[in-house]
Structures are given as C-alpha cells and as structure tokens.
1. Of all residues in region 67-96, which are in contact with a helix residue (DSSP H, G or I) (Cβ under 6 Å, 6 or more places away or on another chain) and among the acidic types (Asp, Glu)?
2. Take Tyr40 and decide whether it is more than 19 Å from Asn86 (Cα to Cα) and among the aromatic types (Phe, Trp, Tyr).
3. Filtering region 1-39 down to residues that are among the hydrophobic types (A, V, I, L, M, F, W, C) and in contact with a strand residue (DSSP E or B) (Cβ under 7 Å, 6 or more places away or on another chain), which residue is nearest to Glu79 (Cα to Cα)?
4. Looking only at residues in region 33-70 that are of a type in the set (D, E, K, R) and in contact with a Phe, Trp or Tyr (Cβ under 8 Å, 6 or more places away or on another chain), which one is surrounded by the fewest Cβ atoms within 10 Å (Cβ to Cβ)?
5. Would it be correct to say that Glu13 is charged (D, E, K, R), out of contact with any Phe, Trp or Tyr (no Cβ under 6 Å at 6 or more places or on another chain) and surrounded by 10 or more Cβ atoms within 10 Å (Cβ to Cβ)?
6. Kindly establish whether Thr89 is surrounded by 12 or more Cβ atoms within 10 Å (Cβ to Cβ) and more than 29 Å from Ala32 (Cβ to Cβ).
7. Out of region 32-63, which residues are assigned to a helix (DSSP H, G or I) and in contact (Cβ under 8 Å) with a residue 40 or more places away in the chain?
Amino acid sequence: MPSPSPYLRIPWERYSLDNGLRVVLSPDPSTAVVGVNLWYGVGSRNERPGRTGFAHLFEHMMFQGSAHVPKNRHFELVERAGGSLNATTWFDRTNY
C-alpha cells in the first residue's frame, strides 16, 4: 500500500457523546459548505435468510414523512437551503 501523501493533510477529530453517538469532525474554515453524513451500523447482514430487503426498505421509508413532517418535506427544506439528500444501504451500514 502506498504511503500517505505528505501534502494532503485533512484535520479530523473523533469523539463520543454521552448518548453513545460517535462523531467524526473535519473542520475546514476555507469553505462555507457543510456536509453531514449519518451512519448506522445496520445493513443486510442483520437480516434473516428469507426475510431480506428490510434495511433498504427502511432506508427509503426515512424519506416518506412522519406524523410531524409531511412526505417530501425533508427534501423541500434541505433543497431550499441549497443542499441535497441521499442515502445508501450496504452489508454492514445504512447512511443518510
């Protein structure tokens, strides 16, 4: 494996909140852009044989609204502010 570039130094810090949430923060004061990515340690590996696809289904259900947020409202709020949303599911994680 090649050694890391001496010119590419990305500052980051990692810590855990009292509620167990693990945070990785990489500040960049040179830009006004913010990125947020939530990762859950749940994916298709947590499904039983014969009962698969739930991780992907729940990923999509997160954008379907709730009792307090109408369908597509998440998208409207973020896109109106110039942002974008996406999500993926994999063997060992689901991220938004």
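1. Scanning region 67-96 gives a single hit, Asp92.
2. no
3. Restricting to residues being among the hydrophobic types (A, V, I, L, M, F, W, C) and in contact with a strand residue (DSSP E or B) (Cβ under 7 Å, 6 or more places away or on another chain), the top hit is Leu38.
4. Of everything passing the filter in region 33-70, Arg45 is surrounded by the fewest Cβ atoms within 10 Å (Cβ to Cβ).
5. Judged against the criteria, Glu13 is not a match.
6. For Thr89, the condition - surrounded by 12 or more Cβ atoms within 10 Å (Cβ to Cβ) and more than 29 Å from Ala32 (Cβ to Cβ) - is met.
7. Ser44, Arg45 - these are the residues of region 32-63 that are assigned to a helix (DSSP H, G or I) and in contact (Cβ under 8 Å) with a residue 40 or more places away in the chain.
The numbers here are math on the coordinates, done by the rules we state, and not lab data. The model shown is predicted, which means the values in this text are computed figures rather than measured ones. Cβ atoms come from the backbone with ideal geometry, glycine included; neighbour counts cover every protein chain shown.
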